[in-house]
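Everything below concerns the one structure shown next.
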Amino acid sequence: MERIPILRMGEFLLVTIQVDMHDRLAQALQDDLAERVVKDSAQGVLIDISSMEIVDSFMGRMIGTIAMICATLDAQTVVVGMRPAVAITLVELGIALEGVRTALNVDKGMELLVASRGKRSMA
Amino acid sequence: MTINNYEILPIKSPDDLVRVRQATRALAIQLGFSLVEQTKMVTAASELARNTMTFGGGGTLRLETLLDNGRKGLRLTFEDHGPGIPDIDLAMTDAYTSGNGLGLGLGGAKRLVNEFEISSRVGEGTRVSITRWK
């Protein structure tokens, strides 16, 4: 079965969703990411959705679930690269992506993860 | 109002959902919809097609391009022969869910289009029609 690749970048994992999000693919990503967060002791996960032309309620819920699973495994999730048209549509659809942090692009998302890791190590 | 052309797609599997999104996008582009308009229509189509597949046990989508006094539109009609919806008003509310979604399928899709019609009979099936005008 086709799978979405998960890349390791230091302490973080990067997932770039580049295909039309298939339901089974979404489910597989959830399982794969949870496994990789533990295996790689990842501190954070970046999900790049800049190639996603739409996010419907199923996909939105999937992203929210991934963020919750990662948080449970002590990794922060940042969703990056949402297209403006997707953001407008999501709000009108009534999906707030609560509990999911967002950043404009991978660089900004990475900064966010590094900053929050710094805060945690000082605490 | 005239119907310029139409096509019918099956909605049975998650692969069909991908095809529904692609066909909707292609027609929206052909009609000159803006990027935001395309995105709203494709998202609404994805929500409703998933309902047809999950709750209706599969069905069909009819895509039609419309012309009404020089105004161009795209109409999508989703039809299934599933269990039907006993209380449509309740199903339209955002908090309602009968499956594994957020319960936003119907109410959310309605907000993304210009016209929304639904008819359902328990034991016979459900038909949802949405239209977006350029």
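The values are calculated or read from the model by the stated rules, or taken from the named source; none is laboratory data. Since this is a predicted model, take the numbers as computed values, not measurements. Using ideal geometry, Cβ is built from the backbone for each residue, glycine included, and neighbour counts are taken over all protein chains shown.
Sort out which residues of the stretch B:70-120 are in a loop (DSSP other than H, G, I, E, B) and either farther than 21 Å from A:GLY60 by Cβ or modelled with pLDDT of 95 or more (or both), and write them in order of number. Selection gives B:GLY70, B:HIS81, B:GLY82, B:PRO83, B:GLY84, B:ILE85, B:PRO86, B:ASP87, B:LEU112, B:VAL113, B:ASN114. Being modelled with pLDDT of 95 or more, over 15 Å from A:VAL55 (Cα atoms) and in contact with a helix residue (DSSP H, G or I) (Cβ under 7 Å, 6 or more places away or on another chain) holds for only one residue in B:LEU27, B:LEU9, B:LEU35, B:LEU31, and it is B:LEU9.
Any chance you could count how many residues in the stretch A:86-123 are in a helix (DSSP H, G or I) and free of Cβ contacts under 8 Å to residues at least 24 places away in the same chain? Reasoning before the result, please.
Residues of the stretch A:86-123 in a helix (DSSP H, G or I): A:86-93, A:106-122.
Subsequent filtering for residues that are free of Cβ contacts under 8 Å to residues at least 24 places away in the same chain retains A:87-88, A:91-92, A:107, A:111, A:114-115, A:118-122.
Number satisfying all stated conditions: 13.
Given the criteria in a helix (DSSP H, G or I), in contact (Cβ under 8 Å) with a residue 24 or more places away in the chain and at the interface with chain A (Cβ under 9 Å from one of its Cβ atoms), does B:ARG21 qualify? Answer is yes for this residue. The residue that is nearest to B:GLU37 (Cα to Cα), among those in the stretch B:115-134 that are out of contact with any Gly (no Cβ under 8 Å at 6 or more places or on another chain) and of a type outside the set (A, V, I, L, M), is B:GLU115.
Could you tell me whether A:ASP56 is in contact (Cβ under 8 Å) with a residue 40 or more places away in the chain, under 24 Å from B:ARG25 (Cβ atoms) and crowded, with 19+ Cβ neighbours inside 10 Å? Quick ask: steps written out before the conclusion?
Numbers: in contact (Cβ under 8 Å) with a residue 40 or more places away in the chain: no; under 24 Å from B:ARG25 (Cβ atoms): yes; crowded, with 19+ Cβ neighbours inside 10 Å: yes.
The answer is no for A:ASP56.
Among the candidates A:LEU33, A:LEU46, which residue alone is touching a strand residue (DSSP E or B) at 6+ places or on another chain (Cβ under 7 Å), under 16 Å from A:GLN76 (Cβ atoms), in contact (Cβ under 8 Å) with a residue 24 or more places away in the chain and assigned to a helix (DSSP H, G or I)? Step through it out loud before you land on a result.
Working: A:LEU46 fails: assigned to a helix (DSSP H, G or I).
The unique qualifying residue is A:LEU33.
Scanning the stretch A:2-22 for residues that are hydrophobic (A, V, I, L, M, F, W, C) and under 20 Å from B:ARG50 (Cβ atoms), which turns out surrounded by the most Cβ atoms within 10 Å (Cβ to Cβ)?
Ranking the candidates gives A:MET21 first.
Entry remark, the stretch B:12-49: residues being surrounded by fewer than 23 Cβ atoms within 10 Å (Cβ to Cβ) and within 11 Å of the chain's Cα centre (by Cα) number 1 in total. Please enumerate the residues belonging to the stretch B:24-44 that are at the interface with another protein chain (Cβ under 9 Å from one of its Cβ atoms), among the hydrophobic types (A, V, I, L, M, F, W, C) and either touching a strand residue (DSSP E or B) at 6+ places or on another chain (Cβ under 9 Å) or under 16 Å from A:VAL19 (Cα atoms) (or both). Answer for the stretch B:24-44, where residues must be at the interface with another protein chain (Cβ under 9 Å from one of its Cβ atoms), among the hydrophobic types (A, V, I, L, M, F, W, C) and either touching a strand residue (DSSP E or B) at 6+ places or on another chain (Cβ under 9 Å) or under 16 Å from A:VAL19 (Cα atoms) (or both): B:VAL42, B:ALA44.
Can you report the number of residues in the stretch B:1-18 which are more than 12 Å from chain A (Cβ to nearest Cβ) and either in contact (Cβ under 8 Å) with a residue 60 or more places away in the chain or part of a helix (DSSP H, G or I) (or both)? I'd like the intermediate steps shown before the answer.
Narrowing the stretch B:1-18 to residues more than 12 Å from chain A (Cβ to nearest Cβ): B:1-12.
Retained after the next criterion (residues that are either in contact (Cβ under 8 Å) with a residue 60 or more places away in the chain or part of a helix (DSSP H, G or I) (or both)): B:1-5, B:11.
So the count comes out to 6.
Only residues that are within 13 Å of another protein chain (Cβ to nearest Cβ), over 12 Å from the mean Cα position of the chain (by Cα) and hydroxyl-bearing (Ser, Thr, Tyr) were counted across the stretch A:47-97, and they come to 2.
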